[in-house]
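Reviewing the structure listed below.
The values are calculated or read from the model by the stated rules, or taken from the named source; none is laboratory data. It should be emphasised that the depicted structure is a prediction, and the values quoted were computed from it without experimental measurement. All Cβ positions, even for glycine, are placed from backbone atoms using ideal geometry, and neighbour counts span all protein chains on display.
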Amino acid sequence: MDFLQSIDWMQLLRCFVVGGLICIIGQILIDKTKLTSARILVIFVTTGVILGALGIYQYVIDFAGCGATVPLLGFGANLAKGAITEAQNSGLLGAFIGGVKASAGGIAAAVFFGYLASLIAKPKIKKQ
Amino acid sequence: MTKIGLQTIKLDSAPYILETSSIVGPKEAEGPLAKYFDQCLEDEFWGEKTWEKAESKIIKENVSALVAKSGIASTDIDYCFAGDLLNQCISSSFGLRETNIPFFGIFGACSTFAEGMCLGSTFVDSHAARNVICATSSHFCSAEKQFRFPLELGNQRPQSAQWTVTGSGAVILSNSNLGKPCPRITYVTPGKIVDMGVKDANNMGAAMAPAALDTLVTHFKDTGRKPSYYDAIITGDLGYVGKEILTELAETKGYNIKNNYDDCGVLIFDKEMQDTHSGGSGCGCIATVFSGYFYQMLKEKKINKLLLIATGALMNSTSSQQGESIPGIAHAVAIENLDN
């Protein structure tokens, strides 16, 4: 019960709406442009880096929490944040180390769980 | 055998289409033509580990079934013309490596089936062969990997994209009908490469329609025939988008094909029920629809004069990535019941 009472329902709603809006942008890009999914991915990450570096994306994260950090924009912002922090601590080289360091957990988890999934899953034909 | 006009070959002996055979995948088996196919598979892997192996198995089993149905020994088959969509045509060459039939691997993208029939029928007509097999195959899952994105990526398909048919169609062309009435090939019109600068690999119909038009018009000019001569003019596989474009283009050239024209990519799936977007495509599309449905119609004499035009998009994934346009090609084969 304590757990349920501690949930901030408005926070969940903000997270859901902002995360959904980011995905809508992606869906519009798929439907209305000829961009391949790989290019859309790169656009999202780079946009995240720029918004993160300018400090704008932090406001979105403060507002929507995981709704902003889980999508690719959040990954980009995290790269920028890590690069800036590390550059401040250890100079120019830190700008190259910091981004990956900050997102190392996510990258390693993606490789690890991706590998696990490939062991137990089999590709299937699309339904449409 | 005489060349007439610009591109057409008149086959004096009119080789017989002695027998056909077709195998299709589960999605095609849910389509409106299901009952005309010889065999419908229940899953895309057909017990194999990979889609490529499954495709090889499909063409292998289809050719064996064809030979068994025809009643002639495989040693009496002189040559085999086969192709598919995978790099270096591995479905055909791996699938048919144990047949012991002299083999020509051919590539004309989705036009391969008619390309094979053009070559096969001229072989028979010139007495270079008594019996030849023409076969093609395609597989949705291996073709997506080859030309678009691997299925594991989970990409969404745009509305103009066509659905590669999983299946194989094969025919035996022969200088003898073994005493039974068979449709015959009277003319073939091999097509030219036509490139109108379309670059979208998800819109093959638009890329191939001008090539189909070129071959269609050339065929009529060379033979002196009109569209109304044929009971059916069938392309494969322009899909919904390309079918509409070809109908309009033909009209601007003064040929009205509205009444007797259809496309195999349109026929093989139910657009509303199966959500295949712009229709079917692939080497296996026209091959299975002809070997299954149209051969049956010819045998039952519901259709007596058929013009079969297979269209192909001659690109690969590298040419698309490098921003090249898609050259199209179309080969026409005139198939007629002559004994009535």
Failed condition for B:His139, given (1) closer than 22 Å to B:Thr50 by Cβ; (2) surrounded by fewer than 20 Cβ atoms within 10 Å (Cβ to Cβ); (3) in contact (Cβ under 8 Å) with a residue 12 or more places away in the chain; (4) not small (Gly, Ala, Ser), with all others met? (2)
Taking the range B:111-145 and keeping residues away from chain A (no Cβ under 14 Å) and among the charged types (D, E, K, R) leaves B:Glu115, B:Asp125, B:Arg130
Verdict on B:Ala206 being at pLDDT below 95, in a helix (DSSP H, G or I) and surrounded by 19 or more Cβ atoms within 10 Å (Cβ to Cβ): yes
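If a residue has to be in contact with a strand residue (DSSP E or B) (Cβ under 8 Å, 6 or more places away or on another chain), of a type in the set (A, V, I, L, M, F, W, C) and more than 15 Å from B:Ala334 (Cα to Cα) to count, how many in the range B:298-321 make the cut?
Here is the first cut: in the range B:298-321, the ones in contact with a strand residue (DSSP E or B) (Cβ under 8 Å, 6 or more places away or on another chain) are B:298, B:303-314.
Next, from what is left, pick out any that are of a type in the set (A, V, I, L, M, F, W, C): B:298, B:303, B:306-310, B:313-314.
Among the residues that remain, those that are also more than 15 Å from B:Ala334 (Cα to Cα) are: B:313-314.
Qualifying residue count for the region: 2.
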Can you give me the number of residues within the range B:146-177 that are within 14 Å of chain A (Cβ to nearest Cβ), under 18 Å from B:Asn203 (Cα atoms) and modelled with pLDDT of 90 or more? 3
Taking A:Gly19, is it in a helix (DSSP H, G or I) and in contact with a Gly (Cβ under 8 Å, 6 or more places away or on another chain)? yes
Please go through the range A:45-63 and pick out each residue that is within 16 Å of A:Lys81 (Cβ to Cβ) and either of a type in the set (A, V, I, L, M, F, W, C) or within 14 Å of another protein chain (Cβ to nearest Cβ) (or both). A:Val45, A:Val49, A:Ile50, A:Leu51, A:Ala53, A:Leu54, A:Ile56, A:Val60, A:Ile61
Positions within the range B:291-340 being surrounded by fewer than 21 Cβ atoms within 10 Å (Cβ to Cβ), within 26 Å of B:Ile17 (Cβ to Cβ) and among the polar types (S, T, N, Q), in sequence order: B:Gln296, B:Asn304, B:Asn337, B:Asn340
Exception for B:Thr186 within (1) touching a Ser or Thr at 6+ places or on another chain (Cβ under 8 Å); (2) within 23 Å of B:Ser121 (Cα to Cα) falls at (1)
Could you grab me the full set of residues in the range B:15-40 that are β-branched (Val, Ile, Thr) and either in contact with a Ser or Thr (Cβ under 6 Å, 6 or more places away or on another chain) or assigned to a helix (DSSP H, G or I) (or both)? B:Thr20, B:Ile23, B:Val24
Using the structure shown, decide if B:Gly197 is crowded, with 22+ Cβ neighbours inside 10 Å, small (Gly, Ala, Ser) and under 30 Å from B:Gln321 (Cβ atoms). no
Of the conditions (1) in contact with a His (Cβ under 7 Å, 6 or more places away or on another chain); (2) not in a loop (DSSP other than H, G, I, E, B), B:Ala161 satisfies every one except a single condition; which number is it? (2)
Those residues of the range A:16-38 which are touching a Phe, Trp or Tyr at 6+ places or on another chain (Cβ under 9 Å) and more than 14 Å from every other protein chain (Cβ to nearest Cβ) amount to A:Val18, A:Ile22, A:Ile25
Six or more apart or on different chains, Cβ under 7 Å: which pairs go from a residue in the range B:93-110 that's farther than 12 Å from B:Ala82 by Cβ to one that's assigned to a strand (DSSP E or B)? Could you list them? B:Ala109/B:Gly312; B:Ala109/B:Ala313; B:Cys110/B:Gly236; B:Cys110/B:Ser281; B:Cys110/B:Ala310; B:Cys110/B:Thr311; B:Cys110/B:Gly312; B:Cys110/B:Ala313
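For the range B:116-136, how many residues are polar (S, T, N, Q) and surrounded by fewer than 21 Cβ atoms within 10 Å (Cβ to Cβ)? If you could, list the steps in order and put the result at the bottom.
Filtering the range B:116-136 for residues polar (S, T, N, Q) gives B:121-122, B:126, B:131, B:136.
From the residues that got through so far, the ones that are surrounded by fewer than 21 Cβ atoms within 10 Å (Cβ to Cβ) too are B:122, B:126.
Here the count works out to 2.
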Residues of the range A:85-128 that turn out to be within 14 Å of another protein chain (Cβ to nearest Cβ), among the basic types (Lys, Arg) and assigned to a helix (DSSP H, G or I), as a count: 0
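Does any residue of the range B:230-237 turn out to be in a helix (DSSP H, G or I) and of a type outside the set (A, V, I, L, M)? Lay out the reasoning, then the answer.
Looking only at the range B:230-237, we keep the residues that are in a helix (DSSP H, G or I), and these are none.
The answer is no; no qualifying residue exists.
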What about A:Gly19, is it over 30 Å from B:Gln274 (Cα atoms) and at pLDDT 95 or above? yes
What number of residues within the range B:233-265 satisfy the criterion of being among the acidic types (Asp, Glu), more than 10 Å from B:Ala206 (Cα to Cα) and either touching a Phe, Trp or Tyr at 6+ places or on another chain (Cβ under 7 Å) or free of Cβ contacts under 8 Å to residues at least 60 places away in the same chain (or both)? 4
Filtering the range A:45-80 for residues that are free of Cβ contacts under 8 Å to residues at least 24 places away in the same chain and crowded, with 22+ Cβ neighbours inside 10 Å leaves a count of 1
